[in-house]
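Take a look at the structure below.
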Amino acid sequence: MASSVVIVGGGTAGWMTASYLKAAFGDRVSVTLVESKNVPAIGVGEATFSTIRHFFNYLGVEEHEWMPECHATYKLAVRFEDWREPGHTFYHPFERTRVVDGFPLTDWWLQKKPTERFDKDSFLIGSMCDAQSSPRYLDNSLFDSTFERGEEYRTTLSEQNTQFPYAYHFDATLLSKFLTRFGVERGVRHVLDDVVDVVLDDRGAIDHVRTREQGDIHGDLFVDCTGFRSMLVNKALEEPFISFQNHLPNDSAVALRVPVDMAERGIRPATTAIAQEAGWIWSIPLFERLGTGYVYASEYATPDEAERTLREFVGPAAENATANHIRMRIGRSERAWVKNCVAIGLSNGFVEPLESTGIFIIQNGIEQLVKNFPGGHEATDDQLRNTYNRQAAHVMDGLREFMVLHWYASGRADNQYWKDTKTREIPDGLAERLEQWKVKLPDQDSIYPHYHGFESYSYRAIILGLGGLPVQPLPVLGKLDGTAADREFQLVAEQAAALVEKMPSQYEYFAHLHGLP
Ligand code: FAD
């Protein structure tokens, strides 16, 4: 059993890993985290995916303990603006599709189109987002009590039997601070220093890392959380990096932190992704400010142009905000775990943050690390490491497909950037799936076949919302009695209206949680 773990890097990945390992192993495994005083963490990464609740649940931390401290809010969906054409909006909700007479309601929608909004006709969450509704009442109960079950024991991604209706937005820097305290209180040794060298043993594994001021740090297992630098796995261990850039050209971002008066503006419980000339802008409402940024392809826009576009988008509130320019490395390491070192976070891989998957990838990496933790027997450990690497690669490759779909299936082709999204090389396997989806919307058997966090309902929402893939209703639906589907559409409308009426607004909910009048 590896009894000492050394984590290099103190961004979101480093501290999520350190706190999770402590929650899992307590004092049975020692954890040291080395973090540079000079190299800042990336500072973005503020929207999450609905599986994040398993992370906090595993740590045994309640929302009221961490959310106010991290200026967190709820996220029920991603809201896409201008992706089909300027002025068009749709939501990709955290909500599974209802099934009527054996067919998903979104299939029935394609047949019947009660209105032009598949998202509002088929799901509750779109209406809640428009109304800025909180998913919780002021007494903390959820809008739908069926989701409250199963939280009494510690859960991981594989226990995700229901689609929990929300994720979080939070300030990544504040979350790292919260997790630092959590980890240190439970025994994580925190070293503030630069790692200046990674020293290998005669078998090519990592023997120790050398710090600038505090000497050598030895361990059984090393975790590379050094961000895009990937100092341990890609550099020291020379593991090749597989770029996804030929499929996903957005390689740059510029971000701003913008103070806004949330009492006046309200807090929509969604991350908004607004299509632009050379990429897209994200807008993430936290309790006291907006996190916003422009993700773009450097082949189509310069950093100055991108910053100008972003500042114009934000308006006067951006005047005093400092721009954070980031170069992104899109792709994954061939193997995430090499010898006695596993890369978690940006050091392992990244796809653009369009569906907020960065932290999900980290969470998956940590959970799999615990599940495949080495026991000290070489042959067994080799197999566990292979299992880990297979699973980690599937997650990244599945996410690549889902991201490519967003560009390929969007209705826009109004400049070179958008035209190129339709002709760019697509990953193996996706071309065939696209042909299938034109005839029959995605189901669990026709999407990327390995776990990558997304279910078929997400693919359906994206295809129906983006509008660029020519899809058609299933022929059989015209021959079936659709009365039950009509009733279900009516029920969705009634339930959505009732929720909008009775739920407090997000602002009210969080003002209450923060103890504001
Ligand atoms: P970093 O934050 O870069 O941390 C690296 C750490 O390594 C730092 O602590 C640094 O000090 C340390 N380090 C580096 N070199 C050394 C050294 N020599 N010695 C010691 N320490 C060292 N994810 C989401 O889930 N949702 C989002 O909305 C989202 N948006 C994003 C937007 C953009 C533009 C980008 C680029 C990423 C986004 N992500 C998002 C991804 C998310 O930001 C990252 O997954 C997350 O922040 C984890 O980063 P990290 O800890 O791997 O790396």
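Distance in nm between label sites at ASN324 and HIS514, each 7 Å beyond Cα in the beta-carbon direction?
Taking the simple label geometry, ASN324 and HIS514 are separated by 1.9 nm.
What percent antiparallel are the DSSP beta bridges of the chain, to the nearest 5?
If we restrict to bridges inside the chain, about 70 percent are antiparallel.
Give me the one-decimal nm value for the distance between modelled label points at VAL260 and ILE242, 7 Å along each residue's Cα-to-Cβ direction.
Output for this residue pair reads 3.9 nm.
Explain nothing, just compute: Karplus ³J(HN,Hα) = 6.51 cos²θ - 1.76 cosθ + 1.60, θ = phi - 60°, for every residue of region 66-73 in order, whole Hz, x for Gly and Pro.
10, 5, x, 5, 9, 6, 7, 9
Find which of ILE242, LEU33, ILE217 sits farthest along the positive direction of the dipole of the chain, computed with +1 on the beta-carbon of Lys and Arg, -1 on that of Asp and Glu, about the Cα centre.
Final value for the positive-end residue is ILE242.
Net charge around THR421, counting only other residues with Cβ within less than 15 Å of its Cβ (Lys, Arg = +1; Asp, Glu = -1)?
-4
Under the Karplus relation 6.51 cos²θ - 1.76 cosθ + 1.60, θ = phi - 60°, what is the ordered set of whole-Hz ³J(HN,Hα) values for region 470-479, x standing for Gly and Pro?
My calculation for region 470-479 gives x, 10, 9, x, 5, x, 5, 5, x, 9 Hz in order.
Quickly estimate the mean residue ellipticity at 222 nm for the chain, helices only: each DSSP H run with n ≥ 4 gives -39500 (n - 2.57), and the total goes over all residues, rounded to 500.
-10500 deg cm²/dmol
If you wrap a convex hull around the Cα atoms of region 1-102, how much volume per residue is inside, in Å³? Before the final figure, lay out each step's value.
Values: hull volume 21.8 nm³, N = 102.
Convex hull of Cα atoms, per residue: 213 Å³.
Sticking with the crude label model, points 7 Å out along Cα→Cβ, report the distance from HIS190 to PHE313 in nm, one decimal please.
Going by the 7 Å Cα→Cβ label model, 3.4 nm.
Once amide H atoms are built 1.01 Å from N in the peptide plane, which residues 5 or more positions from SER30, or in another chain, come under 5 Å H to H?
Those qualifying (amide H under 5 Å, at least 5 residues apart or on another chain) are SER4, VAL5.
What is the gain in length, in nm to one decimal, between VAL99 and ARG210 on full extension, counting 0.36 nm per residue of separation less the C-alpha to C-alpha distance?
34.2 nm is the gain from fully extending VAL99 to ARG210.
Once amide H atoms are built 1.01 Å from N in the peptide plane, which residues 5 or more positions from ASP207, or in another chain, come under 5 Å H to H?
Answer set, sorted by chain and number: VAL199, LEU200, ASP201.
Which of the chymotrypsin sites (Phe, Trp or Tyr not before Pro) across region 91-196 are loop residues per DSSP, with 16 or fewer other Cβ within 10 Å? The partial results should precede the final answer.
Values: sites: TYR91, PHE94, TRP108, TRP109, PHE118, PHE123, TYR137, PHE143, PHE147, TYR153, TYR166, TYR168, PHE170, PHE178, PHE182; in loops: PHE94, PHE123, TYR137, PHE143, TYR153, TYR166, PHE170.
The qualifying sites are TYR137, TYR153.
Just the Cα atoms of region 403-517: what Rg and Dmax do they give in Å?
19.7, 57
Among THR302, LEU174, VAL404, which residue has its Cα positioned farthest towards the positive end of the charge dipole of the chain, with +1 placed on the Cβ of Lys and Arg, -1 on the Cβ of Asp and Glu, and the dipole taken about the Cα centre?
My answer, from the dipole projection, is VAL404.
Using θ = phi - 60° and the Karplus curve 6.51 cos²θ - 1.76 cosθ + 1.60, what whole-Hz ³J(HN,Hα) does each residue of region 273-284 get, with Gly and Pro shown as x?
Running phi through 6.51 cos²θ - 1.76 cosθ + 1.60 with θ = phi - 60° gives 10, 10, 5, 10, 4, 9, x, 7, 10, 9, 9, 10 Hz.
If I stretch the segment between HIS64 and GLU425 completely, what's the gain in nm (0.36 nm per residue apart, minus their alpha carbon distance), one decimal? Could you put the intermediate results ahead of the total?
Working: separation 361, 0.36 × 361 = 129.96 nm, distance 4.60 nm.
Between HIS64 and GLU425, full extension yields an extra 125.4 nm.
If one takes the longest principal axis of the Cα atoms in the chain, at what angle in degrees, from 0 to 90 and to the nearest 10, does the Cα axis of helix 483-502 lie?
Computed tilt is about 60 degrees.
Starting from region 150-211, pick out the GluC sites (Glu not before Pro) whose DSSP state is loop and whose Cβ has at most 15 other Cβ atoms within 10 Å.
GLU151, GLU152
Which of the GluC sites (Glu not before Pro) found in region 413-490 are in a DSSP loop and have at most 12 neighbouring Cβ atoms, other than their own, within 10 Å?
GLU425
Would you pull out the residues with amide H under 5 Å of LYS75's amide H, same chain only if 5 or more places away, H placed 1.01 Å from N?
For LYS75, the qualifying residues are ALA167, TYR168, HIS169.
Between region 62-82 and region 480-517, how many Å separate their Cα centres?
Using only Cα atoms to place each centre, the spacing works out to 18 Å.
What's the extension gain from ASP144 to ASP414 if we count 0.36 nm per residue and subtract their Cα-Cα distance?
That works out to 93.0 nm of additional length.
Every read-out reported here was derived from the displayed coordinates using simple, explicitly stated rules and does not represent laboratory data. These figures come from a predicted structure and were not determined experimentally. Backbone-built Cβ (ideal geometry, glycine too); neighbour counts: all protein chains shown.
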